[in-house]
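Worksheet: the structure to be examined is printed underneath.
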Amino acid sequence: MNFLVKYSLPLLAALLLIIFYLGLPDLRSCALRREDKRRLDRRDAALMAGISLAYALVAFWNLGNTQSPERFVNMENRSVTVELGQGSAASLMLYSGVGIGEYTIEYAPDGENFQTLTSFRQSHAEVLKWNEVPLEQSLSGGSLRITGAGNVWLGEVAALDGAGETLPLHSEEAALTDEQSLCPREQTFMNSSYFDEIYHARTAWEHLNGVYPYEITHPPLGKIILSWGIALFGMTPFGWRFSGTFFGVLMLPLMYVFLKKLFGGRTVPTAGTLVFAADFMHFVQTRIATIDTYAVFFILLMYLLMYLFFTEQRLRYLALSGLFFGLGAASKWTCLYAGAGLALIWAWYWVKNAHLGPRAFLKNCGFCLAFFVLLPCCIYYLAYLPYGRACGYRLFSAEYLKMVLDNQSYMFHYHSGVVATHPYSSRWYQWLLDIRPILYYLQYLPDGMRSSFGAFVNPALCWGGFIALFVLLFLVIARRDETAAFILLGYLAQLVPWMFVSRLTFEYHYFPCTVFLVLAMGYVFSIFCQNGRPGRRYVWGFALGSLALFVLFYPALSGAPVNNALATRLLGWLPSWPF
C-alpha cells in the first residue's frame, strides 16, 4: 500500500501512456497517408507566434537579476582600503569577477594599525557570485584593507549586520562600493552564477573585454553568441542567460515548421510543438548560460534544411544545412555527431537516387565539399578571433593558425582524459528512461521550503518517445519508411557516440536527442490522425498531459520555492530522482 501511495503519480503516468499506445492503429494495415497541406499559411504563423510568445513569457520570468555589479577592479598584487560606517558588521559579501587567487582581509579599528582578520580564496568556482565571508567578531567602525594575490577581479564589497542588512561603506576605489544596493542577503541563482556558468559566462565576458579565456575546452562560437546577451543587458544573470533563452524560444517555430513539412496539417505540428515547449530539458537547459542550447538549435536547423533539400531538390537548402553545420561545430563538438548523421542520410539519398548517374553524384559531392567542409572550416577558423585579439595575432598569421591547431589538440586530450566523479553523473543508457537527472541547484529555505531545479526530459516525451522509436523501427523494417529512417538516423547519430565515451557524462548530453524524440512522437501523432477525430483526441490528450506535467514539475525546473516534504512526495517519482 505504501508503494502505491508513494508512486501513484508515476504509475498513473505509465498507465496513461499505455492507454495512449493502445489506441494506436494497427500498423500492419495502416495506410500511413501524409496530409497534403504542408505549405505554411497565416493560421500556422499565428499558432507558431502564440506558442512561442506564451513560452517566452514563462521562460524569461525569473530568469535572473537584471542588475549586478558590472564595474570590476583588477586586484592583482593590489590593496584597497574600505571605511566602515555606522553599525556592526557580522559578515562581508564579495562579488567576485574573473580570475583565480586569494584576498587577505585586514582590519584596523583606528584606521592605521592593520591586523589580519581573515582571507578568502577565489577559485574558478567562485566567479560571478556573491560570496559571503563570515567574520569571527563583529566590526564597528574602523577600516578594512583588502589585498589581492593572483590575477583576480573584484566587483563589489559589502558589509552585512546580524540581520542581513547592508551597512554603509566608503572606499578610495569607488567601483568597489558604488553598487551597495545590489548586495543580496544570500547567494542564489537569481544573483549569481551556477554550474558551468562559472566557465561559459566568464568566457563570454573575457571575449567582450579582450582577455584570453580561461575556458578553452570547447570551440568559441557558443560563448560568442552568449556574449551578445551580455552586450545587450549587461554582465548580469539575466544578461548572460538571455541568448540561450532566446534561442530556446526560436526553436519552437523551427520545430513547428519541421513537423509541418514532415506530416502536414495543423494538429501534428501544433501538438508536437506544445510537447517540445513542455519538455523539461528544453526549458531548463536553455535558461542556463552554457553552450548546449546553440548546438541543439543548429542541429535542428541543419536537419530541417537537409530534409527540405531531399523533398524539394533545391541546392540552397543543402548549402544552408552546411552553413548551420559549420556554426554548430564551431559552438560544440557534439554537432560533429549530427554531421555524421547527415552524411549517412546523404549517402542513403544517393543510393536511392543512383539512377541520376555518376555525373550528378560527383557534382553534388563537390557542392557538399564546399558547404560541409570548406565553409565550416572557415567559420571554425574565424570563431577564434577573440582568442587572436587577446593575443595580438593577425587573422592570417602563422601564430593565429598555430593557436587554433593547438587548441584542437588540447580539447581532444582534455575530453578524452577527463577523470572525475560527480554525484549526479549518468550513463547513456540511463538517459533513455530518465533514470538519473542532473541537479543544478538546491537551496534549503526557512519554514521547510526549498528552491531547486535540474535537467531531465519530460517523462511523457522521454517514455512516450522511447516507445515511438520502436514504432519507427518497425516501419523502417516492415515498410522501408524513409521518414521514419530519417528520424531514427538523426536520433542514433546523437546517442550512439556516447556509448563509446568513458569520461564523466550527464543527462544534459541527451538534449540533442530530444529533438528527434519530438519528431518521433510527431510521426505517431500523424498515425493517430489517420483515424480522424477519435485519433486526434489521443494526440491532444498527450499534448495536454505533457503540459500538465510541466506545470506539476515547474518548481523543480525553475527554482520556485516549494514545500520540501510535499515536493519530495510529488516529484520524487524514482528513487534516483533528486527532487
Check: Rounded, prolate or oblate: which one fits region 394-456, using the alpha carbon gyration tensor with axes a ≥ b ≥ c (rounded when a/c is under 1.5, else prolate when a/b beats b/c, else oblate)?
Finding: prolate
Check: Hey, how many Å between the Cα centroid of region 536-563 and the Cα centroid of region 239-304?
Finding: 17 Å
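Given a Förster distance of 45 angstrom, what is the FRET efficiency for Asp178 paired with Tyr444, based on the Cβ-Cβ distance and rounded to 0.05? Write down the numbers at each step before the final one.
Working: r = 33 Å, r/R0 = 0.73.
Rounded to the nearest 0.05, the efficiency is 0.85.
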Check: Taking only Cα atoms, what is the 0 to 90° angle, nearest 10, from helix 334-352's long axis to the longest principal axis of the chain?
Finding: 10 degrees
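Run through region 281-343 and list the trypsin sites (Lys or Arg not before Pro) located in a DSSP loop whose Cβ has at most 12 other Cβ atoms within 10 Å.
On the way: sites: Arg287, Arg314, Arg316, Lys332; in loops: Arg287, Arg314, Lys332.
Filter output for region 281-343: Arg314.
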Check: If one takes the longest principal axis of the Cα atoms in the chain, at what angle in degrees, from 0 to 90 and to the nearest 10, does the Cα axis of helix 237-263 lie?
Finding: 0 degrees
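In region 424-485, which chymotrypsin sites (Phe, Trp or Tyr not before Pro) are in a loop and have at most 14 other Cβ atoms within 10 Å, using DSSP for the loop call?
Working: sites: Tyr424, Trp428, Tyr429, Trp431, Tyr440, Tyr441, Tyr444, Phe453, Phe456, Trp463, Phe466, Phe470, Phe474; in loops: Tyr424, Phe456.
Passing both the DSSP loop test and the Cβ count: no residue.
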Check: At a 1.4 Å probe radius, carbon and sulfur cover how many percent of the accessible area of region 336-485?
Finding: 69 percent
Check: For region 44-203, rounded, prolate or oblate, judged on the Cα gyration tensor with a ≥ b ≥ c (square roots of eigenvalues), a/c < 1.5 rounded, else prolate if a/b > b/c?
Finding: prolate
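Trypsin sites (Lys or Arg not before Pro), restricted to region 370-405: which are DSSP loop and have at most 13 other Cβ atoms within 10 Å? Intermediate results must be reported in sequence, preceding the final value.
Details: sites: Arg389, Arg394, Lys402; in loops: Arg394.
Taking region 370-405 and a limit of 13 other Cβ atoms within 10 Å, the loop trypsin sites (Lys or Arg not before Pro) found are Arg394.
What does the charge count around Asn458 come to, taking other residues whose C-beta lies under 11 Å from its C-beta (Lys +1, Arg +1, Asp -1, Glu -1)? Kindly include the intermediate steps, with their values, before the conclusion.
Details: positive: none; negative: Asp279, Asp434.
Local net charge: -2.
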Next item on the list: Return the carbon/sulfur percentage of the accessible area of region 149-264, one whole number, probe 1.4 Å, all protein chains in place.
Entry: 60 percent
Check: How would you rank 543-554, 299-310, highest first, on the average number of other Cβ atoms within 10 Å across their residues?
Finding: 299-310, 543-554
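Rank-order 249-257, 128-136 by packing density, defined as the average count of other C-beta atoms within 10 Å over each peptide's residues, highest first. List each step's numbers first, then the result.
Values: 249-257: 20.7, 128-136: 16.7.
Packing order, densest peptide first, comes out as 249-257, 128-136.
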Item checked: Protection proxy ranking, peptides 481-490, 184-193, 516-525, average beta carbon neighbours within 10 Å, highest first -> 516-525, 481-490, 184-193
Notebook entry, point to check: Once you list every other residue whose beta carbon is under 14 Å from the beta carbon of Gln137, what net charge do they have if Lys and Arg are +1 and Asp and Glu are -1?
Noted result: -3
Next item on the list: Enter the accessible area per residue of region 233-303 (Å², integer; probe 1.4 Å; all protein chains in place).
Entry: 11 Å²
Item checked: Pairwise centroid distance, computed over Cα atoms, of region 49-96 with region 144-197, Å -> 8 Å
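Helix-only estimate, please: 222 nm mean residue ellipticity of the chain, summing -39500 (n - 2.57) across DSSP H runs of length 4 or more and dividing by its residues, to the nearest 500.
Details: 21 runs with 302 residues, N = 579.
Mean residue ellipticity, 222 nm, calculated: -17000 deg cm²/dmol.
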Check: Cα gyration tensor of region 222-331, axes a ≥ b ≥ c as square roots of the eigenvalues: rounded (a/c below 1.5), prolate (a/b > b/c) or oblate?
Finding: oblate
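So, with a 1.4 angstrom probe, what is the percent of accessible area on region 12-133 that is carbon and sulfur? The partial results should precede the final answer.
Details: 3410 of 6610 Å².
About 52 percent, which is the carbon plus sulfur part of the accessible surface.
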Check: In sequence order, what are the phi-derived ³J(HN,Hα) couplings for region 86-96 according to the Karplus relation 6.51 cos²θ - 1.76 cosθ + 1.60 with θ = phi - 60°, rounded to whole Hz, with x for glycine and proline?
Finding: 6, x, 10, 7, 9, 7, 10, 10, 10, 8, 7
Notebook entry, point to check: Once both axes come from the Cα atoms, what is the angle between helix 459-479 and the longest principal axis of the chain, in degrees from 0 to 90, rounded to 10?
Noted result: 30 degrees
Notebook entry, point to check: Hey, how many Å between the Cα centroid of region 470-534 and the Cα centroid of region 393-468?
Noted result: 21 Å
Check: Taking a probe of 1.4 Å, how large is the accessible area per residue of region 390-514, in Å²?
Finding: 46 Å²
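The values are calculated or read from the model by the stated rules, or taken from the named source; none is laboratory data. No experiment lies behind these values; they were computed from the predicted model shown. Note that we place each Cβ from the backbone using ideal geometry, even for glycine, and neighbour counts take in every protein chain shown. When the accessible area is computed, the model is the full protein with side chains, heavy atoms only, and any ligands, DNA or RNA have been set aside. Shrake-Rupley method; radii C 1.70, N 1.55, O 1.52, S 1.80 Å.
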